[in-house]
1. Report the residue count in the stretch 275-288 for those that are open to solvent by less than 10 Å² (accessible area, probe 1.4 Å) and either within 16 Å of ligand 2 (Cβ to nearest atom) or charged (D, E, K, R) (or both).
2. When you look at residue 328, is it more than 16 Å from ligand 2 (Cβ to nearest atom), open to solvent by less than 20 Å² (accessible area, probe 1.4 Å), part of a loop (DSSP other than H, G, I, E, B) and at negative phi, yes or no?
3. Starting from residues that are closer than 30 Å to residue 460 by Cα, charged (D, E, K, R) and in a helix (DSSP H, G or I), keep the ones in the stretch 159-200 and report whichever is least open to solvent (accessible area, probe 1.4 Å).
4. Just to verify a result, which residue in the stretch 111-138, among those that are under 20 Å from residue 443 (Cβ atoms) and among the hydroxyl-bearing types (Ser, Thr, Tyr), is most open to solvent (accessible area, probe 1.4 Å)?
5. So, in the stretch 39-58, of the ones that are touching a Leu at 6+ places or on another chain (Cβ under 7 Å) and hydrophobic (A, V, I, L, M, F, W, C), which residue ends up farthest from ligand 2 (Cβ to nearest atom)?
6. Could you grab me the full set of residues in the stretch 448-481 that are open to solvent by less than 40 Å² (accessible area, probe 1.4 Å), assigned to a loop (DSSP other than H, G, I, E, B) and under 18 Å from residue 60 (Cβ atoms)?
7. What do you reckon, is residue 48 open to solvent by 60 Å² or more (accessible area, probe 1.4 Å) and among the basic types (Lys, Arg)?
8. Among the residues of the stretch 263-286 satisfying the criterion of being out of contact with any Leu (no Cβ under 9 Å at 6 or more places or on another chain) and either of a type in the set (D, E, K, R) or free of Cβ contacts under 8 Å to residues at least 24 places away in the same chain (or both), which is farthest from residue 232 (Cα to Cα)?
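The values are calculated or read from the model by the stated rules, or taken from the named source; none is laboratory data. None of these values were measured; they are calculated from a predicted model. Positions of Cβ are generated from backbone atoms using ideal geometry, with glycine treated the same way; all protein chains shown enter the neighbour counts. Please note that ligands, DNA and RNA were not included when accessible areas were found on the heavy atoms of the full protein model with its side chains. Shrake-Rupley method; radii C 1.70, N 1.55, O 1.52, S 1.80 Å.
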Amino acid sequence: MSDQDFPADLVITGGQVVTHETIRPAAIAVKDGRIVAVGEEDAMPAARQTFDATGLHILPGAIDVHVHFRDPGYTHKEDFESGTAAAAFGGVTTVFDMPNTIPTVADAASLAEKHAIASAKAHVDYGLYAVLGEESLANVPALVEGGIIGFKLYMGNTFGRIPSPSTGAMLEAFEVVAPTGKRVSLHAETNSIMERRQSRLVEAGRTDALAHLASRPAVVAVEAVARAAILAEWTGARIHILHISSAAELGPLRDAKARGVDITGETGAHYLMLAAEEYGRWGGIIRVNPPVREAANQGPLWDALMDGTIDMIATDHAPHTPEEKTRTDIWTVDCGFPGVETQIPLMLTEVAAGRMALTDLVRWSAYNPAKVWGLYPRKGAIQSGADADLAFIDLDRRWTIDDAALQSRSKVSPWHGREVQGLPVHTMVRGRFVMKDRTLMVDTRGHGRSVHTIQDVGTPSPRHTDETLAAVVAHRPGEAA
Ligand code: DOR
Ligand code: ZN
């Protein structure tokens with residue numbers, strides 16, 4: 001038989017297949033990058049190759065909807081190649097990259113430039129975010145046309161200092177995006193509160209790490225989530241709350257969900273597993289926006305994941321260099337740290353400890369992200385027709401996180417030295433191993449593709465369309481409607 005005559009390219013045998021609902025022993029057949037059969041080994045089509053996954057659990061590759069790969073503009077911190085290599089080592093097969101690069105992804109040209117970079121360098125699939133602000137509002141149609149996964153709106157300042165739009169501009173932005181069906185992901189921290197507090201803290205001479213937390217109490221997120229939900233409810237825009245850090249902001253999130261607002265949310269391992277008590281030990285290394293908070297927030301965040309108030313986990317992978325992270329004056333330390341490589345092992349450690357099930361991990365890391373962004377069932381599933389995006393996990397492997405061993409260019413994180421249980425041993429993207437036996441496949445540089453082409457946003461439901469700014473400005477009183 002010639003290669004073309006085989007009904008499958010690859011059959012994976014011996015593994016335990018994990019979905020958001022079940023764990024069962026099954027074989028997986030792959031053809032042209034897609035799964036063509038899942039079931040008994042005997043029932044698999046003939047394949048050119050087989051792969052023995054005995055002893056491993058096979059999960060849908062994680063979809064990390066929040067990473068900063070810094071390319072172009074800050075490639076000393078990360079680039080699309082090092083970032084997607086880190087993703088591959090973390091069992092992550094799709095990433096959504098944030099727009100705070102140089103230039104900011106705010107128009108068709110900067111978007112096209114990032115598409116060119118990503119398609120040349122990525123080992124894993126990706127979606128690109130465009131910024132939604134006062135300046136880029138007019139570019140919404142061109143950005144949607146140019147191929148984005150969604151919009152990012154900065155209600156508060158963070159790395160890159162992208163200006164936050166006024167509430168008026170935000171309402172208009174939601175009006176403009178609502179009919180496109182694209183989701184607006186929000187950095188939901190209210191800028192004016194933080195700026196005021198930070199300048200007073202600076203005046204008072206505070207330069208210690210905890211001053212960062214003091215400048216951004218949970219009320220900045222409570223106020224921002226509530227306000228964003230009001231505007232989303234009015235306009236019918238779909239929104240997503242990034243990096244939920246506090247128990248308090250779960251209140252407005254729950255309320256909005258109960259009112260039927262199309263609102264989703266994510267939290268990350270750093271809010272579930274790190275706490276304010278550790279600022280002394282880590283100093284600027286733990287500085288991130290929003291801040292790691294008091295330990296009392298952790299329980300409610302876990303509960304919110306379990307009951308579906310928070311839909312998913314994402315890393316906010318925010319690489320910086322050791323020099324940028326270890327300055328003594330906290331206000332000069334760059335915010336964030338790498339996470340795309342360590343999130344799944346950290347969560348697997350909680351699975352091993354019995355806090356959550358492996359199926360919960362799939363729901364939060366792959367199934368829900370795919371559903372929310374209209375990629376399901378091409379992504380986030382192990383079934384016929386899905387892309388063969390697979391994370392092969394050794395659940396028993398105990399190891400210690402070592403920043404020096406990270407694929408990321410950012411070799412500095414508050415995870416350094418942490419003992420974990422569970423390791424992605426191989427990662428496959430559309431039928432190709434991009435990481436095998438903890439080794440990067442160098443020939444998969446450029447294998448990654450933008451997922452906007454497979455996104456199905458369904459039917460948008462804009463509201464109050466006769467009262468939008470565009471509608472009222474166009475209105476001529478006295479003329480027939
Ligand atoms: O700490 C952060 N770092 N929070 C953000 O929102 C942005 C990120 C970055 O780009 O470094
Ligand atoms: Zn971020």
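1. Selection size over the stretch 275-288: 2.
2. Numbers: more than 16 Å from ligand 2 (Cβ to nearest atom): yes; open to solvent by less than 20 Å² (accessible area, probe 1.4 Å): no; part of a loop (DSSP other than H, G, I, E, B): yes; at negative phi: yes.
So residue 328 fails the test.
3. Among those residues, the one meeting the criterion is 175.
4. 119
5. Here the answer is 47.
6. Result: 448, 455.
7. Values: open to solvent by 60 Å² or more (accessible area, probe 1.4 Å): yes; among the basic types (Lys, Arg): yes.
For residue 48, the condition - open to solvent by 60 Å² or more (accessible area, probe 1.4 Å) and among the basic types (Lys, Arg) - is met.
8. For the stretch 263-286, the residue satisfying everything is 281.
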